[in-house]
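J.: Structure provided below as structure tokens; questions to follow.
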Amino acid sequence: MAERLDIAFPSGDGHCAGWLYPGPDGARGIPCVVMAHGFGACKEGRLDAFAERFVAAGMAALVFDYRHFGHSSGEPAQLVDIRRQHEDWQAAVARARSLESVDPDRIALWGSSFSGGHVIWVAARDARIAAVVSQVPYASGPATLRKTGPGRLVRLVLAGLRDQLGGSRGHPHYVPIVGPPGSLAAMTTDDAARAYPSMYPAGFEFRNEVPARVALRLGTYNPGRDARRVRCPLLVVVGERDTITPPGAAVKMAKRAPRAELARFPGTHFEVYSGERFEWAAGLATDFLSRSLGLG
């Protein structure tokens, strides 16, 4: 198993907690992959499995939790705030560039699901990013909301308004991250209620809730539009039967990017985190990053 250090770094008004995989002992000038999870998730949800593959190929890895999640700072707990998460990504990149073992011009980004959109947003604004992996990405707010259904969408918006009002007085209103079909949860398809918590190891306390105000902002978040500004090599991994993040929007995102590679698999959103599909996705990303970062 690769060496792993617990770290924390400043971001905005607080700090992010994470793991640093420094790479081979005594290494200098190696590339580093900065990684964070998707909607409402923490780094313990199989990000270590991906990071270890990258480290075995000669890279360092910096894995972090957003503010409000895990051991990072921030109240209310579990808050999904798109702007603050962008700030956390930028702070994590700055921390990676400061590492003595790392080449600051060979920083790569790896994101999955919601963070698969974040990495596009960040790379579009940072010309020094050397490579990006965007796995089963959230590429388009409108495309995602169209899959929600009008009835559940209205209920989520009402819950969001309740949270926006109560949260300003210190009383956030939470909704589940995942739930069965028909429930008031952010994700109710693709067997989300079973597959999402299964990413975590036994004994990990999965907190299935987020403040509902994020529902008011998801529809206007369209990171896929920024893909045309991503000048580095980009790998977009798409599940053709993904009902969480619509595959059509991700394919369009890849077509916008000047240097994108598109990889499709005939499966659903959560398959890439375990089993044979994980082996395929991790191997694909490792090969892509090794090529793009000058390791092979």
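J.: In segment 54-71, what residues are buried (at least 21 other Cβ atoms within 10 Å of the Cβ), within 19 Å of Ser115 (Cα to Cα) and not acidic (Asp, Glu)?
T.: Of everything in segment 54-71, those that are buried (at least 21 other Cβ atoms within 10 Å of the Cβ), within 19 Å of Ser115 (Cα to Cα) and not acidic (Asp, Glu) turn out to be Phe54, Ala61, Leu62, Val63, Phe64, Tyr66, Arg67, His68, Phe69.
J.: Quick one: in segment 172-182, which of the residues that are outside any strand (DSSP E or B), modelled with pLDDT of 90 or more and more than 18 Å from the chain's Cα centre (by Cα) is surrounded by the fewest Cβ atoms within 10 Å (Cβ to Cβ)? Outline the logic, then answer.
T.: To start, the set of residues in segment 172-182 that are outside any strand (DSSP E or B) comprises 172-173, 176-177, 179-182.
Now drop any that are not modelled with pLDDT of 90 or more, which leaves 172-173, 176-177, 179-180.
The next check asks that each one be more than 18 Å from the chain's Cα centre (by Cα); those that pass are 172-173, 176, 179-180.
Values: Pro172: 21, His173: 18, Pro176: 19, Gly179: 17, Pro180: 13.
Restricting to residues being outside any strand (DSSP E or B), modelled with pLDDT of 90 or more and more than 18 Å from the chain's Cα centre (by Cα), the top hit is Pro180.
J.: If you don't mind, there's one more thing I want to ask. Going by what's in this entry, would Ser134 be described as in contact with an Asp or Glu (Cβ under 6 Å, 6 or more places away or on another chain) and small (Gly, Ala, Ser)?
T.: On the way: in contact with an Asp or Glu (Cβ under 6 Å, 6 or more places away or on another chain): no; small (Gly, Ala, Ser): yes.
In short, no.
So that you can scan it fast, the table gives a plain yes or no per residue for (1) buried (at least 16 other Cβ atoms within 10 Å of the Cβ); (2) of a type in the set (S, T, N, Q); (3) assigned to a strand (DSSP E or B):
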position: Asp190; (1), (2), (3): yes, no, no
position: Arg194; (1), (2), (3): no, no, no
position: Pro201; (1), (2), (3): no, no, no
position: Phe204; (1), (2), (3): no, no, no
position: Ala227; (1), (2), (3): yes, no, no
position: Val236; (1), (2), (3): yes, no, yes
position: Thr245; (1), (2), (3): yes, yes, no
position: Gly248; (1), (2), (3): no, no, no
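J.: Right, something else. For a quick check of your reading of the model, give me the residue pairs whose first member lies in segment 218-234 and is at negative phi and of a type in the set (Val, Ile, Thr), whose second is buried (at least 21 other Cβ atoms within 10 Å of the Cβ) and not in a helix (DSSP H, G or I), with beta-carbon atoms closer than 6 Å and at least 6 apart or on different chains.
T.: Partner pairs satisfying both residue conditions: Val230/Ala257.
J.: State yes or no: is Ala51 among the aliphatic types (A, V, I, L, M), surrounded by 22 or more Cβ atoms within 10 Å (Cβ to Cβ) and either part of a helix (DSSP H, G or I) or without any contact (Cβ under 8 Å) to a residue 40 or more places away in the chain (or both)? Please lay out each step first, then the result.
T.: Working: among the aliphatic types (A, V, I, L, M): yes; surrounded by 22 or more Cβ atoms within 10 Å (Cβ to Cβ): yes; either part of a helix (DSSP H, G or I) or without any contact (Cβ under 8 Å) to a residue 40 or more places away in the chain (or both): yes.
Yes, satisfied.
J.: What are the residue pairs meeting all of these: first residue in segment 113-134, first residue basic (Lys, Arg), second residue surrounded by fewer than 24 Cβ atoms within 10 Å (Cβ to Cβ) and assigned to a helix (DSSP H, G or I), Cβ atoms under 6 Å, and 6 or more apart or on different chains?
T.: Between residues of segment 113-134 that are basic (Lys, Arg) and residues that are surrounded by fewer than 24 Cβ atoms within 10 Å (Cβ to Cβ) and assigned to a helix (DSSP H, G or I), there is no close pair.
J.: If you go through segment 12-31 one residue at a time, do you hit one that is surrounded by 15 or more Cβ atoms within 10 Å (Cβ to Cβ), aromatic (Phe, Trp, Tyr), out of contact with any Gly (no Cβ under 6 Å at 6 or more places or on another chain) and within 20 Å of Ser290 (Cα to Cα)?
T.: Yes: segment 12-31 contains one or more residues that are surrounded by 15 or more Cβ atoms within 10 Å (Cβ to Cβ), aromatic (Phe, Trp, Tyr), out of contact with any Gly (no Cβ under 6 Å at 6 or more places or on another chain) and within 20 Å of Ser290 (Cα to Cα).
J.: Hey, among the residues in segment 143-171 that are in contact with a helix residue (DSSP H, G or I) (Cβ under 8 Å, 6 or more places away or on another chain) and more than 11 Å from Ala212 (Cβ to Cβ), which one's surrounded by the fewest Cβ atoms within 10 Å (Cβ to Cβ)? Break it down stepwise before answering.
T.: Here is the first cut: in segment 143-171, the ones in contact with a helix residue (DSSP H, G or I) (Cβ under 8 Å, 6 or more places away or on another chain) are 143-145, 148, 153, 156-157, 159-164, 167.
If we keep only those that are more than 11 Å from Ala212 (Cβ to Cβ) as well, we get 143-145, 148, 153.
Working: Ala143: 19, Thr144: 20, Leu145: 18, Thr148: 19, Leu153: 16.
Filtering segment 143-171 for residues that are in contact with a helix residue (DSSP H, G or I) (Cβ under 8 Å, 6 or more places away or on another chain) and more than 11 Å from Ala212 (Cβ to Cβ), the one surrounded by the fewest Cβ atoms within 10 Å (Cβ to Cβ) comes out as Leu153.
J.: So in segment 174-207, with the set limited to residues that are touching a residue at least 40 places away in the same chain (Cβ under 8 Å) and touching a strand residue (DSSP E or B) at 6+ places or on another chain (Cβ under 7 Å), which one is farthest from Glu75 (Cα to Cα)?
T.: Top of the filtered list is Ala192.
J.: Among the residues that make up segment 47-66, is at least one of them touching an Asp or Glu at 6+ places or on another chain (Cβ under 9 Å) and on the phi > 0 side of the Ramachandran plot? Don't jump to the end; show me each part of the working.
T.: As a first pass, look at segment 47-66 and keep what is touching an Asp or Glu at 6+ places or on another chain (Cβ under 9 Å): 55, 57, 61, 63-66.
Now drop any that are not on the phi > 0 side of the Ramachandran plot, which leaves none.
For segment 47-66, residues touching an Asp or Glu at 6+ places or on another chain (Cβ under 9 Å) and on the phi > 0 side of the Ramachandran plot: absent.
J.: Condition test on Tyr221, is it of a type outside the set (A, V, I, L, M), at pLDDT 95 or above and under 19 Å from Cys42 (Cα atoms)? So that I can check it myself, show each step before the final result.
T.: Working: of a type outside the set (A, V, I, L, M): yes; at pLDDT 95 or above: yes; under 19 Å from Cys42 (Cα atoms): no.
It is false that Tyr221 is of a type outside the set (A, V, I, L, M), at pLDDT 95 or above and under 19 Å from Cys42 (Cα atoms).
J.: Looking only at segment 88-130, count how many residues are over 12 Å from the mean Cα position of the chain (by Cα), more than 15 Å from Pro223 (Cα to Cα), part of a helix (DSSP H, G or I) and not β-branched (Val, Ile, Thr).
T.: 7
J.: All but one of (1) within 27 Å of Gly219 (Cα to Cα); (2) part of a loop (DSSP other than H, G, I, E, B) hold for Val133, so report the exception by its number.
T.: (2)
J.: Turning to a different aspect of this structure: Of the conditions (1) surrounded by fewer than 24 Cβ atoms within 10 Å (Cβ to Cβ); (2) over 25 Å from Phe206 (Cβ atoms), Ala108 satisfies every one except a single condition; which number is it?
T.: So the condition that Ala108 fails would be (1).
J.: Among the numbered criteria (1) in a helix (DSSP H, G or I); (2) touching a Phe, Trp or Tyr at 6+ places or on another chain (Cβ under 7 Å); (3) closer than 16 Å to Ala186 by Cβ, which one does Gln78 miss?
T.: Gln78 satisfies every listed condition except (1).
The values are calculated or read from the model by the stated rules, or taken from the named source; none is laboratory data. Bear in mind that the values here come from a model prediction, so they are computed numbers and not experimental data. For neighbour counting, all protein chains shown are included, and Cβ atoms are generated from backbone atoms with ideal geometry for every residue, glycine included.
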